Each structure stands twice: as structure tokens, then as C-alpha cells.
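The values are calculated or read from the model by the stated rules, or taken from the named source; none is laboratory data. All values reported here derive from a predicted model rather than from experimental measurement. Because the Cβ atoms are built from the backbone with ideal geometry, glycine has one as well, and the counts that use them run over all protein chains shown.
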Amino acid sequence: MSSFMLNIPSHYQGKMIEYNEPVFLIGSCFTEHIGNALANYKFPVLQNPNGILFDPASTVHALKSYIKPTLYTEKDIFYLNDVWQSWYHHSRFSALTPEACLNKMNQSQEEAHRFLKTAKWLIITLGSSFSYRLTNQAAATGGGAGLGVANCHRAPQQWFDKHMMTIEETVTSLDNMLHQLFFFNPGIQVIFTVSPVRHIRDGVVANNRSKARLLESVHHLVNKFDRLHYFAAYELVIDVLRDYRFFDVDMVHPNYAATNFVLENFMKEFVSGEANQIAEHVQKLVTAAKHRPMHEGTNAHQVFLKTQAEKARQLMKEYPFLDFSKELDHFLKGKL
């Protein structure tokens, strides 16, 4: 099969992710494919405390707010479409009252600050060089003209100026944030990746220009700091798979086969051999807990539950950092 596809050999020889090392993930929707998989394998994970972020400016703003814990107040939110919202957050933080909105935002801020302080790994996935900034017509929201936003919240188009960040702007903003991060958490390792999701609404040419700027910016920084690394998620989809069969029906988002292919390569390249072996056992047990039998009262199913419960106990005994309490509860409740 290898003769029918272009291989991208990995030259990474640095530190590998171990099972008990906290992993903080931030960035575009593709970030969550890796984050959800790691969480499913029961790695200690925190992802996107502000929700999905696409451009470098929004990502940098969020990370700086975790490093120097910023608590939001009513001046940071606005009322639109019958809910209170934040220009810095995904709509899942929106709420019917300002108190509820701020409570969700600030709880997430505090959790992000604590987690990032002790995280061993930070994975940043950049999606687009395009950033959106408020115009004077958005003054009623309390945001000043030029304020960068992470989410447009279906506000009128004339409220925003669309700007493709230059390589210099991207490098400068990321570089400044990284210096603050390394002072805040001296032991953290950072993995950069560029999302293979294609932003076709910008146009094919503009999307390619946008991705090119991200790639150049990231590699400039990776060559500057020895604790920065690059994972070629973009190239694995665009250059290795390189076929619309590996995209969803919108021809924009990589499908399950593609994201699984990228995940397999990530685990192989950045996760230690021992951690990969543990992940295989974890995945089998998690899958078993999701199994729903046709006939729960059969002896065969009771034996299955007993066997899986014993496997869970054995894994927790062998690896104390694993928590199978949820799965054990399922296995034990299923017993007659």
C-alpha cells in the first residue's frame, strides 16, 4: 500500500507523552479530535476552555488570560439575540442572565489557570490566519473598534473587519505569549499543528494563503525554541491521504477515516511505547462499558460483566493513575 501514497517520515526524537502527564489542548475544531481521543484513553486532558478558536490572535489572547488569570466582568459581555455573550468565547458560554454567563466563563478561567500551571504538554492547533475585529458599528456591545473577536455570534456582518494576519503579526503574537508561558510553566512542552480543515468560505486561494502563513509562522518558532515541536496533521491529510474520499460530504472537514489516521500517527510519533500499550487496554475496557447486550439477564452477559470488572480493577492496581470508577459502576450495576 505504501507505494500508492506519499509517506512523511517522522524525525521527532524528543520527549514523549507519558500517561500521567497533563495535556492542555487549544485551538480549532480539529484540536478536539485529538483531545477527545486522549480523554477517551484516560489521559489527563483539558481542552478549549474558551471553546473552539481558529486564528492565532484569539488563541494567544485566551492563553494569556489563563497565564495571568483574568476574571471577566459585565463590561466583557454583551446582549445579543436574547442572550448574554462574550466576544472571546464560544456560544456554549452564552446565557440568559449576565450572572450565569460570567459564572461559566470565570469557572472555566480558573480551571484553565490551574491546569496550565502544571501541564506537561500544550497542543496548539491553528486553523486560519483570518481574524475578525470589531468596527465602530459594534460599539453598543461595549467592545472598542479594532477589538479582536473569537466568535462572531451571528452578529451583523458590518460589525466586523476581516483581516488576514501577516506572518510577522502571527510570529510576534505567538512569540510574546510563549515567553510568558515558559516563565509561568518552565517545564511545559508545546506541540504546534495546523488544522487540515479547509476554510472554503474564504475561497480556495485565500484558504491556501492563510494556511501557508500559519505553516511558515509555526516553523519559524519551532526552529527558535527547543521545547516547541511540530506535528504534521495538515500534511497527513492534504499530502498523504490527498483524496476527497477522506473528507465529509461538505468536502471541507476530514472524515472519521482521516481523523483516525491522523490520530494513529500522533500516538506513534508523540506518545511513548508504554503509554500506547496502556491505551490499547484502556480502549478495550471503555468500549466494553459501552456495549449494550440484547439480553442482559443471560449467564454469558453476567460472566462478561464480571470479567470486565476484574480487568478494570487489575488495570487500576497496575496503573494507579487510571480511573475506571465510571466503567466499574456500569459493570457492577449490570450484575444480577
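Some points to look at:
- Output for region 90-114, where each listed residue is more than 19 Å from I52 (Cβ to Cβ) and assigned to a helix (DSSP H, G or I): P98, E99, A100, L102, N103, N106, E110, H113, R114
- Just so you know, in region 236-245 the residues that are surrounded by fewer than 19 Cβ atoms within 10 Å (Cβ to Cβ) and not β-branched (V, I, T) include one that is nearest to V190 (Cα to Cα), and it is D239.
One line per residue, one yes/no per condition, for (1) among the β-branched types (V, I, T); (2) touching a residue at least 12 places away in the same chain (Cβ under 8 Å):
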{"site": "A95", "(1), (2)": "no, yes"}
{"site": "E99", "(1), (2)": "no, no"}
{"site": "F115", "(1), (2)": "no, yes"}
{"site": "T118", "(1), (2)": "yes, yes"}
{"site": "T125", "(1), (2)": "yes, yes"}
{"site": "S131", "(1), (2)": "no, yes"}
{"site": "Q137", "(1), (2)": "no, yes"}
{"site": "A140", "(1), (2)": "no, yes"}
{"site": "T170", "(1), (2)": "yes, yes"}
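- Test result for F192, closer than 20 Å to V23 by Cβ and assigned to a strand (DSSP E or B): yes
- Residue ID - modelled with the lowest pLDDT, chosen from residues in region 284-336 that are buried (at least 16 other Cβ atoms within 10 Å of the Cβ) and of a type in the set (G, A, S): G334
- Residues that are of a type in the set (V, I, T) and modelled with pLDDT under 95 within region 27-51 comprise T31, I34, listed in sequence order.
- Within region 176-189, being part of a loop (DSSP other than H, G, I, E, B) and touching a residue at least 24 places away in the same chain (Cβ under 8 Å) holds for N185, G187, I188.
- Of the residues making up region 115-129, just one is β-branched (V, I, T) and not in a strand (DSSP E or B), namely T118.
- Of all the residues in region 136-170, those that are aliphatic (A, V, I, L, M) and either in a strand (DSSP E or B) or buried (at least 20 other Cβ atoms within 10 Å of the Cβ) (or both) number 6.
- Qualifying residue in region 80-98 (condition: over 24 Å from L122 (Cβ atoms) and in contact with an Asp or Glu (Cβ under 8 Å, 6 or more places away or on another chain)): yes
- Number of the exception - N276 against (1) without any contact (Cβ under 8 Å) to a residue 40 or more places away in the chain; (2) over 18 Å from A37 (Cα atoms): (2)
- Looking across region 285-305, the residues that are part of a helix (DSSP H, G or I), in contact with a helix residue (DSSP H, G or I) (Cβ under 8 Å, 6 or more places away or on another chain) and either within 26 Å of N20 (Cβ to Cβ) or not hydrophobic (A, V, I, L, M, F, W, C) (or both) come down to L285, V286, A288, A289.
- Which numbered condition R133 misses (of (1) among the charged types (D, E, K, R); (2) in contact with a helix residue (DSSP H, G or I) (Cβ under 8 Å, 6 or more places away or on another chain); (3) in a strand (DSSP E or B)): (2)
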